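The values are calculated or read from the model by the stated rules, or taken from the named source; none is laboratory data. Since this is a predicted model, take the numbers as computed values, not measurements. Reconstructed Cβ throughout: ideal geometry from the backbone, glycine too, with neighbour counts over all protein chains shown. To get the accessible areas, we keep the full protein, side chains included, count just its heavy atoms, and leave off ligands, DNA and RNA. Shrake-Rupley method; radii C 1.70, N 1.55, O 1.52, S 1.80 Å.
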Amino acid sequence: PNGGGGVGAPVVPYPSPSSDDGKERKKHPRTELPVTRLAHAVSPLSRSGSHERAGGGWTPGGSSVQASPAVQQARGLWQYRQQVVVAVGCAFCQNLTAANSVLYYSTDIFRLAGLNCPFTAGVGVGVMKVVGVIASAWLVEGDTWGRRKLLLVGTFGAFVCHLMFVAAFSMLPEHPKSFERLLSEAAGGAGLSQPRGVILVLVTMYLYMFFWNFSWAGLMFVVASEVLPSGVRGQGMGLVVITYWLVSFIMQLTLESSFEVFTKSGTFALYAFLTLLALLFTYTYIPETKGKSLEEITKFFEKRRKRRLLSLFGKRSSQANTHRRGSPHGLSGHFSSSGGNGEART
């Protein structure tokens with residue numbers, strides 16, 4: 001008599017389907033509905049509601065449509081778009097300093113300056129890289145400086161080094177004498193003397209390698225991973241890595257052609273401008289993450305977004321009020337003209 005709900009299944013207290021005189025009534029679906037069937041009937045609706053909250057959608061028939069994983073990942077990235085922009089911006093800034101191009105072509109840059117000593121180009125650059133990384137790790141691990149300060153100091157140092165490259169190549173002739181030619185002239189009694197531009201290129205290269213490894217070389221992926229929430233960190237870091245190698249490929253591909261089109265001084269002047277853009281982005285958008293949890297960093301970006309929204313709507317409302325006050329067809333003008341003889345109607 002419990003409608004097939006199973007042994008011991010609770011029954012909704014509707015009237016019994018049998019009469020007192022023992023005659024069977026015709027069973028009606030409403031008179032007998034076990035709670036187990038009710039739960040089974042209601043559960044698809046509750047599951048549909050949970051799908052809708054998780055990212056699915058309702059259809060007119062009451063069923064839900066599950067969003068694909070790619071759509072869900074795109075929604076997550078869009079939800080935390082501020083953090084994603086900052087993380088991808090770190091990859092851009094690291095390459096805007098042209099560090100990979102200068103490092104890869106460091107031997108060619110020395111040769112263009114007239115210094116063809118592979119020992120100087122290889123060992124000297126490697127030593128400065130190690131010194132920069134050690135200094136950065138010591139300051140970060142000792143909580144002496146934060147990530148943001150290191151990035152600002154390193155980017156500013158790279159900017160100054162690019163200006164020094166401009167000055168150094170401006171002192172040198174278009175086709176400077178090679179080191180071998182200088183040695184041959186010195187053997188002939190002309191004396192061995194390096195131009196000041198060559199010494200300045202050498203010193204600038206060492207300083208540049210130090211500042212780059214002091215900041216972006218060791219901190220780009222650290223800062224990018226720290227600003228991303230845990231829910232989108234995998235997808236966000238994938239975008240960071242793709243952006244990093246794509247921009248790095250473009251920068252390295254165009255270095256030699258830039259030397260031919262813009263000259264050596266003009267190319268480093270262009271790199272100085274790009275490094276200045278990286279410095280402005282770092283100062284404006286990259287927060288300090290030292291000693292902060294992921295929740296605190298996420299709250300920081302939420303507060304920044306709310307402040308921007310409030311400032312945006314505040315500017316729009318003030319412009320609208322100014323437009324209404326300055327309009328000749330405002331409320332006062334309407335009342336004064338609607339009265340016929342200058343009297344306002346009530």
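For the stretch 190-204, the count of residues that are open to solvent by less than 10 Å² (accessible area, probe 1.4 Å) and modelled with pLDDT of 90 or more is nonzero.
Note on the stretch 221-233: residues that are surrounded by fewer than 21 Cβ atoms within 10 Å (Cβ to Cβ) and not aromatic (F, W, Y) amount to 7. The single residue among V131, V85 that is over 19 Å from F301 (Cβ atoms) and β-branched (V, I, T) turns out to be V131.
Within the option set L96, L103, L112, L152, being of a type outside the set (S, T, N, Q), touching a residue at least 40 places away in the same chain (Cβ under 8 Å) and over 30 Å from P287 (Cα atoms) holds for one residue only, L112.
In the stretch 255-284, which residues are open to solvent by less than 50 Å² (accessible area, probe 1.4 Å) and of a type in the set (V, I, T)?
T267, T275, T282
Which one is most open to solvent (accessible area, probe 1.4 Å) among residues in the stretch 107-118 that are in a helix (DSSP H, G or I) and within 16 Å of I199 (Cβ to Cβ)? Among those that are in a helix (DSSP H, G or I) and within 16 Å of I199 (Cβ to Cβ), it is R111. The single condition from (1) modelled with pLDDT of 90 or more; (2) exposed (fewer than 14 other Cβ atoms within 10 Å of the Cβ) that M164 fails is (2).
Scanning the stretch 130-161 for residues that are among the β-branched types (V, I, T) and open to solvent by less than 30 Å² (accessible area, probe 1.4 Å) yields V140, T155. Counting only helices (runs of 4 or more DSSP H) that sit wholly inside the stretch 201-289, those with at least 2 residues that are among the hydroxyl-bearing types (S, T, Y) and either touching a residue at least 12 places away in the same chain (Cβ under 8 Å) or farther than 20 Å from A158 by Cβ (or both) are 233-253, 255-285. Are any of the residues in the stretch 285-294 modelled with pLDDT of 90 or more and either out of contact with any helix residue (DSSP H, G or I) (no Cβ under 7 Å at 6 or more places or on another chain) or surrounded by fewer than 17 Cβ atoms within 10 Å (Cβ to Cβ) (or both)? So far as the stretch 285-294 goes, yes, one or more of its residues are modelled with pLDDT of 90 or more and either out of contact with any helix residue (DSSP H, G or I) (no Cβ under 7 Å at 6 or more places or on another chain) or surrounded by fewer than 17 Cβ atoms within 10 Å (Cβ to Cβ) (or both). One residue stands out in the stretch 167-189 among those that are part of a helix (DSSP H, G or I), aliphatic (A, V, I, L, M) and under 21 Å from V102 (Cα atoms): the one that is modelled with the lowest pLDDT, namely M171.
No other residue among V102, V127 is surrounded by 15 or more Cβ atoms within 10 Å (Cβ to Cβ) and at pLDDT 90 or above apart from V102.
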